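For reference, the structure discussed in these notes is given below.
A short reminder: the numbers here are calculations on the coordinates, not readings from a lab. Because the structure is a prediction, the values reported are computed rather than measured. Note: ideal-geometry Cβ built from the backbone for every residue, glycine included; neighbour counts use all protein chains shown.
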């Protein structure tokens, strides 16, 4: 069941005011992925969760200040635009469903992916740096990853198996 629109509208606007195009249904998603065959596209799977609000959406905004940019920015809203989100995830074969998440597409395929585990507990500036490095590597170049989409390396906290930025309430 989708969230009430009044709840998600401000979260949508955090991206749309930046020029990110919302994809509301399967046709929108199909059109975006068709365009991604010839253009680089950043797909943001938006969410109501705190890590989307504090980390993912601000990171996208920060990364838009970089000199190298994808050709297009698009978004689906998990938990709200159910059909569009399911369709976008179907195009991301081999990438587990995750929200929030961010995927840079080139030639129709993801070349760089940030899953929730790469977003949660990390600063917006660190995530933005990951995005800007991916833009520099894949946007306007012939570069493609050798073995599926790249993901950032997460350092593990000694003995805990968690990222060092993970904060738990005790």
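Key figures
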item	result
Long-range neighbours under 8 Å by Cβ, at least six apart or interchain, first residue on the phi > 0 side of the Ramachandran plot and in contact (Cβ under 8 Å) with a residue 60 or more places away in the chain within region 126-148, second assigned to a loop (DSSP other than H, G, I, E, B) and crowded, with 18+ Cβ neighbours inside 10 Å	140/40
Residues (in a loop (DSSP other than H, G, I, E, B) and either buried (at least 23 other Cβ atoms within 10 Å of the Cβ) or touching a residue at least 60 places away in the same chain (Cβ under 8 Å) (or both)) located in region 66-80	66, 68, 69, 70, 71, 78, 79, 80
Number of positions in region 81-98 that are touching a helix residue (DSSP H, G or I) at 6+ places or on another chain (Cβ under 6 Å) and either surrounded by 22 or more Cβ atoms within 10 Å (Cβ to Cβ) or within 19 Å of residue 3 (Cα to Cα) (or both)	6
Inter-residue pairs, beta-carbon under 7 Å, first assigned to a loop (DSSP other than H, G, I, E, B) and in region 19-38, second surrounded by fewer than 16 Cβ atoms within 10 Å (Cβ to Cβ), 6+ apart	25/83; 36/108; 37/107; 37/108
Any hit, region 31-39, residues being under 14 Å from the mean Cα position of the chain (by Cα), crowded, with 16+ Cβ neighbours inside 10 Å and closer than 19 Å to residue 99 by Cβ	no
